[in-house]
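Structure record follows, encoded as structure tokens.
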Amino acid sequence: MTNKVLVAYASKYGSTQEVAEAIAKIMREKGLDVNLQQASQVRSLEEYSAVVLGAPLYLYRWHKYAIRFLNRHEKVLKSMPAAVFAVGPSFNGDEKEWLETRDQFRKELAKFPWFKPIESEVMGGKFDPANLSFPIKYFLKDLPAADLRDWDAIAAWAAEVADKLQDR
Ligand SMILES: Cc1cc2nc3c(=O)[nH]c(=O)nc-3n(C[C@H](O)[C@H](O)[C@H](O)COP(=O)(O)O)c2cc1C
């Protein structure tokens, strides 16, 4: 067993990747040996003792590469500590949007009853209508660009996860 932590992520437009990078940086500063990798590129968890998995929500679903990651690594994840986050709220960021996103994420994780993460969090996302293509662009083109990622909250969560892993 090593003491290496994998931070695996999926990201369509890059905002979740930046969150994953920030989490990996904080965990390294806390003294952990961290590998950062796209979830879709991870073939084996053999060299790791813990995993952080993060991905955005799109149309009420956690990104398919995060779902595939859970399916592919089910056997190992049943006995390996894992923390998960979803990136989502990025439109008006009001209480309703946060509650809805938390509910979406809870429902997505409930599809994996065997999976018991030590931490689970929803983080604000980034929306830029310029990124979109037709037909979604047509429906969302009038919404303003927004970046609701809270870097202090992200750092605090990463530090908490690192502490939990180091206490184990
Ligand atoms: C077409 C579209 C659908 C989205 N659907 C959801 C959703 O169902 N729930 C949610 O919380 N966020 C939703 N979002 C917000 C994204 O999760 C957010 O923009 C996130 O930061 C994108 O991550 P990425 O840049 O890593 O791809 C949606 C965004 C777009 C553009």
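If the cut-off is a Cα-Cα distance under 17 Å, which aspartates and glutamates reach Lys137, setting aside same-chain residues fewer than 8 apart in sequence?
Output for Lys137: Asp128.
So, with a 1.4 angstrom probe, what is the percent of accessible area on the chain that is carbon and sulfur?
Looking at the chain in its full context, I get 51 percent from C and S.
Output the pairs from Lys12/Lys126; Lys4/Lys30; Lys75/Lys111; Lys12/Lys111; Lys107/Lys141; Lys30/Lys78 with a Cα-Cα distance over 19 Å in this structure; if there are none, say none.
Result: Lys12/Lys111; Lys107/Lys141; Lys30/Lys78 exceed 19 Å.
Order 147-153, 103-109 from most to least packed using the mean count of other Cβ atoms within 10 Å.
Packing order, densest peptide first, comes out as 103-109, 147-153.
Could you tell me how many degrees, from 0 to 90 and to the nearest 10, lie between the Cα long axis of helix 95-110 and the main elongation axis, the longest principal axis, of the Cα atoms of the chain?
50 degrees
For a protection proxy built on the mean count of beta-carbon atoms within 10 angstrom, sort 71-81, 44-54 highest first, please.
44-54, 71-81
So what are the ³J(HN,Hα) numbers for region 30-38, from phi and the Karplus equation (6.51, -1.76, 1.60; θ = phi - 60°), rounded to whole Hz, Gly and Pro as x?
So the Karplus estimates, Gly and Pro as x, are 7, x, 8, 8, 10, 9, 10, 8, 5 Hz.
For region 68-167, what is the accessible area per residue in Å² when the probe is 1.4 Å?
On a per-residue basis, 58 Å².
Taking every DSSP beta bridge with both residues inside the chain, roughly what % is antiparallel (nearest 5)?
Antiparallel bridges: around 15 percent, rounded to the nearest 5.
Report, in deg cm²/dmol and to the nearest 500, the calculated mean residue ellipticity at 222 nm for the chain, where each DSSP H run with n ≥ 4 adds -39500 (n - 2.57) and the sum is divided by the residue count.
Per the formula, -12000 deg cm²/dmol.
Straight-line reach from Lys164: which aspartates and glutamates fall under 16 Å, measuring Cα to Cα and dropping same-chain residues less than 8 apart?
Excluding near neighbours in sequence, the set is Glu29, Asp33, Glu119, Glu121.
The values are calculated or read from the model by the stated rules, or taken from the named source; none is laboratory data. Small disclaimer: the values here were computed from a predicted structure and weren't measured. Cβ sites come from the backbone with ideal geometry, for glycine too, and all protein chains shown count toward neighbours. In case anyone asks, the SASA skips ligands and DNA or RNA and just uses the protein heavy atoms, side chains included. Shrake-Rupley method; radii C 1.70, N 1.55, O 1.52, S 1.80 Å.
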